[in-house]
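What follows is a short report on a single structure.
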Amino acid sequence: MECEGLLLITKNGRVQGAKEAGIMAGVMRNLTKTGGFASLADGSGDTFIKKQYLEGAMPSDIVVLKPVRRGGSLPEAQVVKIAKHNFSEFTGTFELIGGRGFVTADSAVRGRIPVPELPPDIHNNDKVLARYANGVAVIVAGFGSSASAAACCGAVLGQLHIRREFPAEVLAEARQAAARTENFSGRLDLRGSVILTIDGADSKDLDDAISLEKRGEGWLLGVHIADVSHYVKAGSQLDAEALRRGTSIYYADSVIPMLPKELSNGICSLNPNEDRPAFTALMELDAQGAMQGCEIKKTVIRSRVKGVYSEINRIFDASADDALQEKYAQVAPSLKMMRALAHTLTLRRLARGAVDIDSDDCKITVDENGSVVTVERRSQGEAEIMIEEFMLCANESVATYASGLGMPLVYRVHDRPEAKKLDELAVVLRAAGIDTRDIRHDMQPQDFAKLLHKADATGKGAVLSGMVLRAMAKARYSPDCTGHFGLALEKYCHFTSPIRRYPDLATHRILTDIVTQGPGDAIVKRYRSFTQDAAESSSQNEITAMQVERYCESIYKAEWMSRHLGESFEGLICSVRPFGFYVRLDNTVEGLCRPENVPGPCDYDERRMCFVGGGKTYALGDSLPVFVARADVATGQIDFSLIAPHPVTASPQRSERAPRPNKPHSAEHGHPKAHSRRRPGPRRKQAEHK
């Protein structure tokens, strides 16, 4: 139970002693012209609060809420009490108007907050971090021009309190751990096995490796993961910092790692021709890829080669030159077997009904000055899919192993879709001309696979699959093994990325005690509350990381589009709303086309969920050329137009601030990757949804 102000708020978000039913606690997230949004403390989602019901609540304030309406697309509430004022530091854009300074907050607080003293080295339209007190803003730090994506992303990190640097005591522990002499006694020695890593060409933190042997008609698949828990001990400063961060964060060319580079890029990286302690899942599979048994072992391994996705894809498609053939000569027989097994595992996964949605990930390239150069859709090759299948197999095996022993673990769970979401999906698909009679509240994963096949048959599958994805629940971490709907698996966890994700590190720590001490009540008692706390913290940190990545991705896309104002691109209508329709380009950039940017009178047809104007209909999945009308780097907002524009320029100096949504539109299509091998290439959304 937590005490906020004079109120007692229970762990489920209820306010103790509340006389009225439904009284809940929440955290204010942002404000708009018409009100604000609060996230409920019980984790059930967001609620909207009309302007007249805010009672002065500001972003980050803890509030007590009373529901006023539960119908519609989002429940509504009113603020009963501000339990705790948290609105102090915030990010925004500094503006000079008539010789006076103001800050307009990024959190969508309406109106400009005056700055009593003009700070040095801060220029008009710079992104800043400010402190709010007594109605004025005191600037704490500047990030640079609001026309720069790098500066705006710095502000995003400031707004969400993401720190890039590690504390001195954490770095000291990392250096000490990396410098110690290793003793591999007691570990299963696999240094004689043919083991290799496969990652992106620029990857430096190689935390997983693979091996494969034929065993009669079946296989012995080895997935070897860096034994990070060997270096990051429970109770250490390193562990506390890893739990606090929860995950590494990636955007454009930047990474905010969960662990210091002395570990992530050093002693924990499975570099070729170096002895490394590992945690290994040795899985026996039959000829059809079905699991026959699994052993979890502490091992020592030596990778033979640092494999690269693009190179192995060239070997698979027979386009590799002699130099590549020579590099992979010692592992060539293993690669041939791995390719065959991966194909078998893919067929098996699809047969059980796992939901498989093509990725819309993008690759953003920046120059030495931090300016975006290209925005491209990531392509996925056979090697990427192969590794994905092996990691999914290992994650399932570890979850099955731990749950079978009755031991605690941090599981990865994915609930079945809510009935309301399915009803909304049916409306959208029906408007797109797709037969929705098979959409039921008790749909199984294989039913979604059939639905996606129908969408593909219409020629609008690329767009409509995103709608299916949005209907899915959010995957999360839990101490309870309740299954993974999207993967159509009863047991699943994250085991394969302990450098990048805390749940994987937690899983390693628990498994270490199981394999060294044997399962028992002592382990259950030791880790029962730990798995609950780690699951809750990791789920929240994952959401924060996704916010950072999505916001920053939209900001970099806007910077790129700001250099193409007035130019024409071909796109697909990916979403239709009453205020306009979103168009997605081939490179995944999305922009809003408002009715006023369509030739002639243009009206929204609610029944058919389309716009009609000038004798034309603009509906979901339609292909059309658009002009770039506006690109606001600071907010990541892009506007398209169907009307050829007059010459236009980017406008970092904004006299009128466009409303910033709680998330950019593209955020609705995002998802955590199956095992977050970031950023070698795209991942098919087969494993995780949202």
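The values are calculated or read from the model by the stated rules, or taken from the named source; none is laboratory data. All figures in this text were calculated on a predicted structure; none of them were measured in a lab. Positions of Cβ are backbone-derived with ideal geometry, glycine not excepted, and every protein chain shown enters the neighbour counts. Protein only, heavy atoms only, side chains kept; ligands, DNA and RNA dropped before computing areas. Shrake-Rupley method; radii C 1.70, N 1.55, O 1.52, S 1.80 Å.
Checked against the criterion of being open to solvent by less than 30 Å² (accessible area, probe 1.4 Å), assigned to a loop (DSSP other than H, G, I, E, B), under 20 Å from residue 492 (Cβ atoms) and touching a helix residue (DSSP H, G or I) at 6+ places or on another chain (Cβ under 8 Å), segment 338-350 contains not a single residue that satisfies it.
Just one of (1) closer than 10 Å to residue 412 by Cβ; (2) free of Cβ contacts under 8 Å to residues at least 24 places away in the same chain fails for residue 484. It is (2). Is at least one residue of segment 117-127 touching a residue at least 12 places away in the same chain (Cβ under 8 Å) and within 30 Å of residue 236 (Cβ to Cβ)? Scanning segment 117-127 turns up no residue that is touching a residue at least 12 places away in the same chain (Cβ under 8 Å) and within 30 Å of residue 236 (Cβ to Cβ).
Which residue is nearest to residue 57 (Cα to Cα), if the candidates are limited to segment 96-110 and must be out of contact with any Asp or Glu (no Cβ under 9 Å at 6 or more places or on another chain) and open to solvent by less than 50 Å² (accessible area, probe 1.4 Å)? Before you say what the answer is, go through the steps one by one.
The initial filter retains those residues of segment 96-110 that are out of contact with any Asp or Glu (no Cβ under 9 Å at 6 or more places or on another chain), namely 96-100, 105-110.
Still in the list and also open to solvent by less than 50 Å² (accessible area, probe 1.4 Å): 105-109.
Values: 105: 15, 106: 16, 107: 13, 108: 13, 109: 10 Å.
Across segment 96-110, the extreme among qualifying residues is 109.
Any idea which of (1) open to solvent by less than 40 Å² (accessible area, probe 1.4 Å); (2) out of contact with any Pro (no Cβ under 7 Å at 6 or more places or on another chain); (3) more than 19 Å from residue 558 (Cα to Cα); (4) touching a residue at least 24 places away in the same chain (Cβ under 8 Å) is the one residue 135 doesn't satisfy? Exception for residue 135: condition (4). Candidates in segment 351-378 are the residues that are open to solvent by less than 30 Å² (accessible area, probe 1.4 Å) and of a type outside the set (A, V, I, L, M); of these, the one that is farthest from residue 560 (Cα to Cα) is 353.
Quick grid of which residues meet (1) farther than 16 Å from residue 488 by Cα; (2) part of a strand (DSSP E or B):
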residue	(1), (2)
370	yes, no
374	yes, yes
397	no, no
402	yes, no
406	yes, no
413	no, yes
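Just one of the numbered conditions (1) closer than 12 Å to residue 573 by Cα; (2) surrounded by 20 or more Cβ atoms within 10 Å (Cβ to Cβ); (3) at pLDDT 95 or above is not true of residue 620: (3).
Within segment 484-508, being open to solvent by less than 10 Å² (accessible area, probe 1.4 Å) and either of a type in the set (Gly, Ala, Ser) or assigned to a loop (DSSP other than H, G, I, E, B) (or both) holds for 486, 487, 492, 494, 495, 496, 497, 498, 499, 500, 506. Selection of segment 533-582 for residues being more than 22 Å from residue 250 (Cβ to Cβ), open to solvent by less than 10 Å² (accessible area, probe 1.4 Å) and among the hydroxyl-bearing types (Ser, Thr, Tyr) yields only 575. Counting only residues that are surrounded by fewer than 21 Cβ atoms within 10 Å (Cβ to Cβ) and in a helix (DSSP H, G or I), segment 511-523 holds 9 of them.
Of all the residues in segment 113-131, those that are crowded, with 19+ Cβ neighbours inside 10 Å, more than 30 Å from the chain's Cα centre (by Cα) and within 24 Å of residue 29 (Cβ to Cβ) number 0.
Number of residues in segment 394-405 that are open to solvent by 10 Å² or more (accessible area, probe 1.4 Å) and out of contact with any Phe, Trp or Tyr (no Cβ under 6 Å at 6 or more places or on another chain): the value is 5. Condition test on residue 437, is it out of contact with any Leu (no Cβ under 9 Å at 6 or more places or on another chain) and surrounded by fewer than 19 Cβ atoms within 10 Å (Cβ to Cβ)? Yes.
The strands (runs of 3 or more DSSP E) found wholly in segment 181-268 and carrying at least 1 residues that are among the hydrophobic types (A, V, I, L, M, F, W, C) and under 18 Å from residue 509 (Cβ atoms) occupy 218-226.
Could you give every pair whose Cβ atoms fall below 9 Å, whose first residue belongs to segment 599-610 and is open to solvent by 100 Å² or more (accessible area, probe 1.4 Å), and whose second residue is among the small types (Gly, Ala, Ser), counting only separations of at least 6 or pairs across chains? Sorted first by the residue in segment 599-610, then by its partner, the pairs are 601/613; 601/614; 603/613; 607/431.
Residue 413 falls short on exactly one of the conditions (1) of a type outside the set (S, T, N, Q); (2) open to solvent by 10 Å² or more (accessible area, probe 1.4 Å); (3) closer than 30 Å to residue 536 by Cβ, and that condition is (2).
Every condition in (1) in contact (Cβ under 8 Å) with a residue 60 or more places away in the chain; (2) closer than 22 Å to residue 623 by Cα; (3) open to solvent by 20 Å² or more (accessible area, probe 1.4 Å); (4) in a helix (DSSP H, G or I) is met by residue 464 except one, and the failing one is (3). Taking residue 449 as meeting all but one of (1) within 24 Å of the chain's Cα centre (by Cα); (2) assigned to a loop (DSSP other than H, G, I, E, B); (3) of a type in the set (A, V, I, L, M), write down the number of the exception. It fails just one condition, (2).
Applying the criterion of being closer than 10 Å to residue 383 by Cα and of a type in the set (A, V, I, L, M, F, W, C) to the residues of segment 297-324, the residue that is surrounded by the fewest Cβ atoms within 10 Å (Cβ to Cβ) is 316.
Is one or more of the residues making up segment 50-58 assigned to a strand (DSSP E or B) and either over 23 Å from the mean Cα position of the chain (by Cα) or touching a residue at least 40 places away in the same chain (Cβ under 8 Å) (or both)?
Residues of segment 50-58 assigned to a strand (DSSP E or B): 50.
Keeping just the survivors that are either over 23 Å from the mean Cα position of the chain (by Cα) or touching a residue at least 40 places away in the same chain (Cβ under 8 Å) (or both) gives 50.
The answer is yes, given that some residue of segment 50-58 is assigned to a strand (DSSP E or B) and either over 23 Å from the mean Cα position of the chain (by Cα) or touching a residue at least 40 places away in the same chain (Cβ under 8 Å) (or both).
Tally the residues that are within 30 Å of the chain's Cα centre (by Cα), of a type in the set (D, E, K, R) and not in a helix (DSSP H, G or I), restricting the search to segment 299-337. Here the count works out to 1.
Candidates are the residues of segment 122-148 that are part of a loop (DSSP other than H, G, I, E, B) and under 24 Å from residue 59 (Cα atoms); the one that is modelled with the lowest pLDDT is 134.
Might you check whether a residue that is under 18 Å from residue 491 (Cβ atoms), touching a Gly at 6+ places or on another chain (Cβ under 9 Å) and at pLDDT 95 or above occurs anywhere in segment 315-332? Checking segment 315-332: not a single residue is under 18 Å from residue 491 (Cβ atoms), touching a Gly at 6+ places or on another chain (Cβ under 9 Å) and at pLDDT 95 or above.
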